[in-house]
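Here's the structure, in structure tokens; my notes come after.
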Amino acid sequence: MFLWHHAGMTRDPAPPQRRFRDYLASLAQAIGHADRREPLRAYVTGLCLPGDRKSVEPMAARVDPRHVTARHQSLHHFVANAAWDDDDVLRVARDLVLEVMERHGAVAAWIVDDTGFPKKGQHSVGVARQYCGVLGKQENCQVAVTVTLANEAVSIPAAYALYLPESWAHHVRRRRAAGVPDSVPFRTKGQIALEQIAALVRDGVPLAPVLADAGYGVVTAWRDQLTLQGIPYVVGVTGETTVWPPGQAPLPPGRRRRMGRPPTRVRRSASHRPVPIAQLAVELPRSAWRGVSWRQGTRGAMHSRFACARIRPAHRDVDLHAPRPEEWLLIEWPRNEPAPTKFWLSTMAPDTPLSQLVRLAKLRWRIERDYLELKDEFGLDHYEGRGWRGFHHHGTLCIAAYAFLAAERARLSPPEPLSFLRTPRVPKSYRPRGTPRAA
């Protein structure tokens, strides 16, 4: 059993202890069956306790060092096999953080992103050679897609799903071995994110602009789907993305000919064409650029030079009957760089100040911090099982544990919000499996 600040629980625990106990009770209601409540409590506590590894066996040793084998079996069954609903648990975690987030302002953004988990073998569900963001290159890994609710002070992932590459999605034997549900087809990361966003909308989560990097933002159809749902966005694009410069648009449909149907689609000509964003950026006048600070970093104010303009995206607009609506183009060009470095498109309102566009575009730092802490402190990438259910259950419980930390920080900002948890002493005779024994 895990220990509190003193041996056993006191009759009148301190407020953080009471909140942790009540939070575990809320999570227990979400997973349903009473037999799962003790493994839930032990698993979440094990994730919160200090320790280098947050896979099942090391956590079993930390929370119940005198009964490691039995506790290991219990926790393994709970995370790898028990049929509880991840979405129900994530709702409890999300609501806990949203309640305290309001003290620091409304939800400012929904941040779409993905994170990679490097793997050496080929049998863990979803493993394939693909781009791994944490390594910055193509590598053997799993990738999970998330949507995070954030403002400047607080953030919490509210959706978490494994991306299943085509080499898995269309391979019946591999799917069956990993327990991938028959209802899960191949979906791109963008499609997964759109489904997650739609689910959050149905749940009534407070709406906010969607942020995403260029991996999502360069897909015009993906941006269009957000617009159809009435959700504004600030998303990264590349310098090769083409747009119509300020004040310009494609030509109207041509004149009707004597024969055939009248033209209905917009046109381009040899002298009237869209331009790449990178070209437009260097052609903007010097007066278009302004220095903007967006937040305080560890070394002082974060500051750079930006310009924005109202443009029309041009991707395949010759297939349309009318020009695309105007939206914002935001460009960053630090003074010490020879060329612009980052580009964003945004459907925020036409009267949105430059400073607000910059703060939104730069708010993606929250998810980078979340991923760092989820992996380093809560073992998001430590799961050693191979199955679909276990992968999602472990990720969900890591997010649930992290949610309590995020809520405590937002509530009181103590230096050690989980200091009431203490790890029991592990017997000297205990050795994790695979550990070489001393001679």
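Being assigned to a loop (DSSP other than H, G, I, E, B), under 21 Å from the mean Cα position of the chain (by Cα) and under 30 Å from VAL92 (Cα atoms) is a description that applies to VAL205. In the condition set (1) loosely packed, with under 13 Cβ neighbours inside 10 Å; (2) under 30 Å from GLU195 (Cα atoms), SER271 is compliant with all but (2).
Answer yes or no as to whether GLY379 is part of a loop (DSSP other than H, G, I, E, B) and modelled with pLDDT of 95 or more. In short, yes. Exactly one residue out of ILE231, ILE277 is touching a Gly at 6+ places or on another chain (Cβ under 8 Å), surrounded by 13 or more Cβ atoms within 10 Å (Cβ to Cβ) and not polar (S, T, N, Q): that is ILE277. For the subset of the range 329-344 comprising residues that are at pLDDT 95 or above and surrounded by fewer than 17 Cβ atoms within 10 Å (Cβ to Cβ), which member is nearest to the chain's Cα centre (by Cα)? Here the answer is THR341.
Residue-level analysis places ALA278 outside the set of residues that are in contact (Cβ under 8 Å) with a residue 12 or more places away in the chain and in a loop (DSSP other than H, G, I, E, B). Among the residues of the range 332-362, the ones that are farther than 24 Å from TRP222 by Cα, assigned to a loop (DSSP other than H, G, I, E, B) and small (Gly, Ala, Ser) come to 1 in all. For the subset of the range 248-271 comprising residues that are farther than 17 Å from HIS321 by Cα and either among the hydrophobic types (A, V, I, L, M, F, W, C) or outside any loop (DSSP other than H, G, I, E, B) (or both), which member is modelled with the highest pLDDT? Per the criteria, the residue is ALA270. Taking every residue in the range 148-176 that is not assigned by TED's automatic domain parsing to the domain that holds GLN191 and pairing it with any residue that is part of a strand (DSSP E or B) and surrounded by fewer than 23 Cβ atoms within 10 Å (Cβ to Cβ), at least 6 positions away or on another chain, yields no pair with a Cβ-Cβ distance below 8 Å. Within the range 304-328, the set of residues being surrounded by fewer than 20 Cβ atoms within 10 Å (Cβ to Cβ) and among the small types (Gly, Ala, Ser) comprises SER304, ALA309, ALA322.
In the set (1) within 14 Å of VAL237 (Cβ to Cβ); (2) free of Cβ contacts under 8 Å to residues at least 40 places away in the same chain, ILE311 fails one condition alone, (2). ARG299 passes all but one of (1) farther than 23 Å from ALA322 by Cα; (2) at pLDDT below 95; (3) buried (at least 16 other Cβ atoms within 10 Å of the Cβ); (4) not polar (S, T, N, Q); which number fails? So ARG299 meets the others, but not (3). Per the conditions (1) of a type outside the set (Val, Ile, Thr); (2) buried (at least 18 other Cβ atoms within 10 Å of the Cβ); (3) within 20 Å of the chain's Cα centre (by Cα), the sole criterion not satisfied by ALA198 is (2).
For the range 44-99, a residue qualifies if it is β-branched (Val, Ile, Thr) and more than 18 Å from CYS398 (Cβ to Cβ), and the qualifying residues are VAL68, THR69. Whether a residue is more than 23 Å from GLY105 (Cβ to Cβ) and assigned to a helix (DSSP H, G or I) was assessed, and LEU194 passes this test. Only a single criterion out of (1) assigned by TED's automatic domain parsing to the domain that holds ALA281; (2) closer than 21 Å to ALA349 by Cβ is not satisfied by THR238, namely (2).
Every listed requirement among (1) buried (at least 20 other Cβ atoms within 10 Å of the Cβ); (2) modelled with pLDDT under 95 is met by VAL210 save one, (2). The set of residues from the range 383-427 being at pLDDT 90 or above and in contact with a strand residue (DSSP E or B) (Cβ under 8 Å, 6 or more places away or on another chain) comprises TRP388, PHE391, HIS392, GLY395, THR396, ILE399, TYR402, ALA403, ALA406.
The values are calculated or read from the model by the stated rules, or taken from the named source; none is laboratory data. The structure displayed is predicted, hence computed values, not measured ones. Ideal geometry is used to build each Cβ from the backbone, glycine not excepted, and the neighbour counts take in all protein chains shown.
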